[in-house]
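Here is the structure we will look at.
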Amino acid sequence: MKLFVSEGNPHCLKVLAALEVTGVQCDVQYVNHEETVVPFLSRPALPAMFLPSGLYLFSANAICQYLFEVNGQESSELCSQWLEWEATDLQPALLLALHMAVLQGKGSQVSNVLQGPLNYLDQSLSKGNTPYLTGEAVSVADVVLWAALYPVLSDSSLALGERKSVKPWFDRVAAMHSCQSAVQKVLRGKGLQGMKSYMQRQPAPQSSQCRDTQPCNSN
Amino acid sequence: MALWELSSLEKYLGLKKPNKYSTQGDKKVPVLQNNNGPPLVGLVTLACHLVKEAKRLELLGDSAENRAVVQQWLEYRVTKLNNCTKDNIKTILKDLNLYLQDKVYLAENQFTLADILLYYGIQPIIVDLAIQEQEQYVNVTRWFDHIQHYPGIRRHLSPVVVLRNRIYSSRHH
């Protein structure tokens, strides 16, 4: 089992945090953003995990779920639901937000882009009324969502506004030593600027494209 | 996202009582009201829920590794295949073709939920492929043909005629 990561890649924050939280033993190799690790993918995909069976995982969320399961914590239905929301709803907004903040110097507009998902998260947390997303203990959903949001929520210059339930949840996860250690490994104390070379290699965010492109699979 | 996929899956799984789904948001994300708690949301979440309800856990993968592989392809389905652009289709077909080169199913030798949902998601793309393209993505079409003939999967989808013999062969002429 081997994990491939690159510095400054926010998805690598997820898997390194999950690795530290679970304490699963695994080789970690740092590679360049452009390195082709997964042989069948046209675009470089990191993080990636090479499994003992010879198969590759190229989804950060699937890698995190795997690490938690190896550690005896199988994802609950609610956990999987958060991971699906993260991938389908939060990520497109985050990609656009990071593109604006890191590459275009439009940090002041990030708040508009993230308002919807952050409000949804806030409402769910206050309705659930538990310290973590899926209950009393940290789950893979907390680690994945915390890591995804870390670059934007830890940067006060983006002025995202404090949400009454997101803030204590975020701080609670961030307080774990494992998470701090993962942040240091990926962002090297450089915050959003630490992601610049990664963001420069990403295709322009989808949401700006989809307005003029007809979806092929809309049924 | 389409509710028919969930109904087709229910029928395949032999679930007697069909669920009533609603949708939320512009993207029409499927929602299932749940008597015992908050509603379940999302195609992958609901599909996995149905599989568990039918006690067909093997469809989610028979080992921790395979379960991760299945989840990965389910995520691929809802992030890459839904609302993909024309340019992305080529990349998706090319990558899948390479991946399936030495595999029967997405999780290697095991038929799983990932095959079912990827089949439902890719069907509209395969229908539109010209014969030359079918040959270009021969591993994808082989996998697709296998899944569409898997008992109980295809439902109302029209079968796509997949050529088993090459006509545009570059090697033998």
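What follows draws every value from the coordinates through simple rules; no lab data is involved. These figures come from a predicted structure and were not determined experimentally. FYI the Cβ positions are ideal-geometry reconstructions off the backbone, even for glycines, and counts take in every protein chain you see.
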- request: Give the long-range amide H neighbours of B:Asn83: residues separated by 5 or more places, or on another chain, with amide H under 5 Å away, using H modelled in the peptide plane at 1.01 Å from N.
  value: A:Cys216, A:Asn217
- request: Quote to one decimal, in nm, the extra length available between A:Ser53 and A:Glu136 on full extension: 0.36 nm per residue of separation minus the C-alpha distance between them.
  value: 26.5 nm
- prompt: Could you give the nm distance between label points at B:Lys55 and A:Arg201, where each point is 7 Å from its Cα heading toward the beta carbon?
  reply: 4.9 nm
- request: Over the whole of A:73-82, what's the average partner chain Cβ count within 10 Å per residue? Rounded to a whole number, please.
  value: 4
Under the Debye formula (equal points on every Cα, no solvent term), log10 I(q)/I(0) of the protein assembly as shown at q = 0.07, 0.08 Å⁻¹: -0.32, -0.42
- line: If unit charges are put on Cβ atoms (+1 for Lys and Arg, -1 for Asp and Glu) and the dipole of segment A:114-198 is taken about its Cα centre, the option from A:Leu121, A:Ala141, A:His177 lying farthest towards the positive end turns out to be A:His177
- prompt: When only alpha-carbon atoms count, how far does chain A stretch along each of its three principal axes, as whole angstroms with the largest first?
  reply: 44, 44, 41
Efficiency of FRET between B:Asn36 and B:Leu163 - r from beta-carbon atoms, R0 45 angstrom, step 0.05: 0.35
statement: Residues whose built amide H sits under 5 Å from the amide H of A:Leu46, excluding neighbours closer than 5 in sequence, are none
Net dipole in debye of the protein assembly as shown [+1 Lys, Arg Cβ; -1 Asp, Glu Cβ; about Cα centre; nearest 20]: 640 debye
- prompt: Using the Karplus equation 6.51 cos²θ - 1.76 cosθ + 1.60 (θ = phi - 60°), what ³J(HN,Hα) coupling, rounded to whole Hz, does each residue of segment B:99-110 give in order, writing x for Gly and Pro?
  reply: 4, 7, 3, 10, 10, 7, 10, 4, 9, 6, 9, 10
query: Put +1 on the Cβ of each Lys and Arg and -1 on the Cβ of each Asp and Glu in chain B; which of B:Asn19, B:Val69, B:Ala47 then has its Cα farthest toward the positive end of the dipole?
result: B:Asn19
Cα pair count fraction exceeding 26 Å, expressed as % - segment A:45-156: 26 percent
message: Suppose every Lys and Arg Cβ carries +1 and every Asp and Glu Cβ carries -1, with no other charges. What dipole size does segment B:1-149 come out with about its Cα centre, to the nearest 20 debye?
response: 580 debye
statement: Partner shielding of A:84-94, taken as the mean number of other chain Cβ atoms within 10 Å, equals 4
Where labels lie 7 Å past Cα in the beta-carbon direction, separation of B:Gln136 and B:Lys17 in nm: 4.9 nm
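Mean separation of Cα pairs under 8 Å and 6+ residues apart, divided by the residue count of segment A:1-151: what relative contact order is that in percent?
25 percent
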field: Phi-based couplings in Hz for segment A:49-57 (Karplus 6.51, -1.76, 1.60; Gly and Pro marked x)
entry: 10, 9, 8, x, 6, x, 8, 10, 9
message: Need one value for B:26-34: mean number of C-beta atoms belonging to other chains within 10 Å of its residues' C-beta atoms.
response: 1
query: What are the ³J(HN,Hα) values, in whole Hz, obtained from phi via the Karplus relation 6.51 cos²θ - 1.76 cosθ + 1.60 with θ = phi - 60°, for each residue of segment B:58-70 in sequence order, with x given for Gly and Pro?
result: 4, 6, 9, x, 9, 8, 4, 4, 5, 5, 5, 5, 4
field: Listed peptides A:114-121, B:35-42, A:69-76 by packing density, highest first (mean Cβ within 10 Å)
entry: A:114-121, A:69-76, B:35-42
Surface/4 estimate of mean projected area, convex hull on alpha-carbon atoms of segment B:1-149, nm²: 9.4 nm²
- request: Taking every pair of Cα atoms in segment A:123-170, average 1/r, invert it to obtain the Kirkwood radius, and report Rg/Rh to two decimals.
  value: 0.97
query: For segment A:112-174, which trypsin sites (Lys or Arg not before Pro) are both in a DSSP coil and crowded by at most 13 other Cβ atoms within 10 Å?
result: A:Lys164
query: Rg and Dmax of segment B:31-71, Cα atoms, in Å?
result: 11.4, 32
task: For an R0 of 22 angstrom, estimate the FRET efficiency from the Cβ-Cβ distance between B:Thr91 and A:Ser154 and round to the nearest 0.05.
output: 0.10
- prompt: How would you order A:197-205, B:99-107, B:76-84 from highest to lowest mean count of nearby Cβ atoms within 10 Å?
  reply: B:76-84, B:99-107, A:197-205
